[in-house]
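I have placed the structure first, in the form of C-alpha cells, so that the comments after it can refer back to it.
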Amino acid sequence: MRLPLGALTLKSATLKSASGAWNRFFFRKQSPIPIALFRVAYGLLVIATVLSLRPDWLAWYGGHAWISLSTMQSVEPGTRLNLFTIVPQSDGWIDAFFWILLGSAMMLATGFLTRLNSVIVFLCLTSVHQRNLFITHGGDTFLRLAGFFLMFAPAGAALSMDRLLRVRRSKRGEEDTLNRPRPQRPWAQRMIQIQLALLYFAAFCSKVKSPAWLNGTALYYVYHVESLHRFPVPAWFLQPEMLKLESWSAMAIEFSLALLIWVKDLRYILLALGMLFHLCLEYSLNVSLFEWDVLSAYILFVDPTDASRAWNWIRQRLDGSRTEPC
Amino acid sequence: MKVARPKRNHPIWIPKVKIAAINLFLAFHILAITCWCVPLKLPLFPLCRKLVRPYFLWAGLFQSWDMFAPSPWASNSYVEAVVIYKDGSRKTWSFPRMEQLGLTDRYLKERYRKFSEVLQIEDNDLLLPDVARHIARLNSTPSNPAKTIILIRRWSPIIPRADGSYQPEPWDQHVLLGYGVRPEDLQ
C-alpha cells in the first residue's frame, strides 16, 4: 500500500523533529558543572557507604564471611563482574580491597584521575554488591547504576584536581579559564537522570498494583515495623485519614518525579517536593543512606545557567560580607 | 590568501561513527533498563528481560524498585539462634536488633536488619547453613565448641485497627534450621 504524499511528508517531518529533539537532549553541549557537582556528591556517598561497612567489613566480605563466596555463587548464579572471585580470600587481601575502594572514592570526589577512579569505584562497588547481594538496599543499587554511567561522563571537566592541573599546565589562551569550564556533551548525565526517573516510575507501578497502597494502609505497616524506626513520628501523622493521604501523596510524588520532572516549568517545584518527601523518610525511617543516594542525583536536574547564577550570587554575598566594615 | 587548515588527527568519518555508537548504546540501555525494572505486563517485556539478563547480571545493571511494595512487611520480626555447646549448656544469640540500638549503631548495623529480613524468606533457605556456621564460629571457644545451632524466626503480626491505634500482638516462632556443627566448620 502506498502512503499519500502528505502523510509521507508529515511522517518524515515527525521523524526529523524527534531526531532533532533526541540530539538536543543528549548531545547539545552544556556546562559540566552539574555532573561535576554530582561526582563530588557521589564520591562522598561512596565514602560514607564504605566507612559505614568498615566495622563489619570482614564479616560481610572476608574469608569467613556470613555467606561464603561459593554459596553466593550457587544462590545467585551467572557470570558476574566480581573482583572477589579473583582476589585471594585472605583477610589481608579483603582489607586491601577496602582501602583501594576508599582511596579511589576519595580521589573521585576530588576529581583526581577522574576517569580511572570512576572505573575503579564502579568495579569495586559492583564487586562488593555481587559478593553479598543480601545486604544491599535501593540506595546501593542506585549508586552502582549511576556509577556505571558516570564512567562515561566528563565528570572531571569541572571542580576537579584534573582540571586544575590541566589549566596550570596549559599555555595561556590554549585551555579554558578556571571560571569557565568548556561545555561538554551531557549524554551520560542524561542517562543518570533517566535512571532516576525510571526508579520512581517502577516504584510507582509497584505501588499502584498493591491493595495496601491503594486503600492507604501500606504506611500503617511501614511505620509500625519497629526495626525501621528512627525518630518519633507525631501521633496525628499515623491517623488513618492521614496515612491514606500520605500513601497517595507518595504515589503521586513518585509518578510526578518520573514523568513530569521533564517539564521545565514544573521541575523545581517537583524537586522541592521530592526533597521534602525524602527528608521526611530520612527523619522517620532507618534505611541507611538510601535517601541521600537518590537525592544526590537531583543536582543533575538543575539547569547549568541557574547553577551558575546561584554560584555567582553566593560569591557576591561572600565577597560583600568580606568587604563590609566590622 | 590561503588559510592553512588545522591538521586533522583522525579520518572525517570517526566522529559520525562515534555518535552512532553512542546513540546505539543509549537506545539499548534505555530500552533494556525500562523492560527490566518497570513492573508492567507488556508483551515484549519478558522477552527483552530474558535477552538482556546475562549482560545485566554481568555488568551489575540489574535492579528492582519495589520499595515497601507491592505489600509492605506486615510483622515485627527477628532471627535468633540457640547455641547448644559440647558440654550441654545453651546460649541465645540474636542478630543486632535495630529497635534496641542507639542512633549511631542503628545506622552502622542497618545491614543486619536487611540480612535478617532476607533470612526469613523461604526462597533463601540455602543461606541458612552458612549463617549457622558463622554463628557457631562467633560463639565457640576451643574448650567448649558449639555443637548445634538452631535458627529461630520470631514474629508478631501488625494488624491495622479502624481507629489507627496499634496493639502489639503476641509473638510467634518458627524454627528455620537445626544445624549440627562439624569440627571443620569452626576452622
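Nothing in this text is a laboratory measurement; each read-out follows from the coordinates by a stated rule. Computed from a predicted model, the values in this text were never measured in an experiment. Cβ coordinates were reconstructed from backbone atoms using ideal geometry, including for glycine residues, and neighbour counts include every protein chain displayed.
Quick notes on this one:
- Any hit, the range A:151-161, residues being within 14 Å of chain B (Cβ to nearest Cβ), free of Cβ contacts under 8 Å to residues at least 60 places away in the same chain and within 18 Å of A:Leu51 (Cα to Cα): no
- In the range A:114-136, the count of residues that are surrounded by fewer than 18 Cβ atoms within 10 Å (Cβ to Cβ) and away from chain B (no Cβ under 14 Å) is one or more.
- Members of the range A:12-69 found to be hydroxyl-bearing (Ser, Thr, Tyr), more than 9 Å from chain B (Cβ to nearest Cβ) and either closer than 20 Å to A:Asn117 by Cβ or surrounded by 13 or more Cβ atoms within 10 Å (Cβ to Cβ) (or both), listed by number: A:Ser31, A:Tyr42, A:Thr49, A:Tyr61
- Residue match in the range A:227-241 (condition: within 11 Å of another protein chain (Cβ to nearest Cβ) and closer than 27 Å to B:Leu26 by Cβ): no
- Tabulated pairs, the range B:33-50, first more than 7 Å from chain A (Cβ to nearest Cβ), second among the charged types (D, E, K, R), C-beta under 8 angstrom, 6+ apart or interchain: B:Cys35/B:Arg49; B:Trp36/B:Arg49
- Here the condition is being surrounded by fewer than 17 Cβ atoms within 10 Å (Cβ to Cβ), over 19 Å from A:Tyr223 (Cα atoms) and without any contact (Cβ under 8 Å) to a residue 40 or more places away in the chain; of B:Gly88, B:Gly102, B:Gly60, it holds for B:Gly88 alone.
- Out of A:Ile314, A:Ile261, A:Ile253, A:Ile299, sole residue that is surrounded by fewer than 16 Cβ atoms within 10 Å (Cβ to Cβ) and either farther than 24 Å from A:Lys29 by Cα or touching a residue at least 24 places away in the same chain (Cβ under 8 Å) (or both): A:Ile314
- Here B:Tyr78 meets each of (1) within 12 Å of chain A (Cβ to nearest Cβ); (2) in a helix (DSSP H, G or I); (3) in contact with a helix residue (DSSP H, G or I) (Cβ under 7 Å, 6 or more places away or on another chain) with one exception, condition (2).
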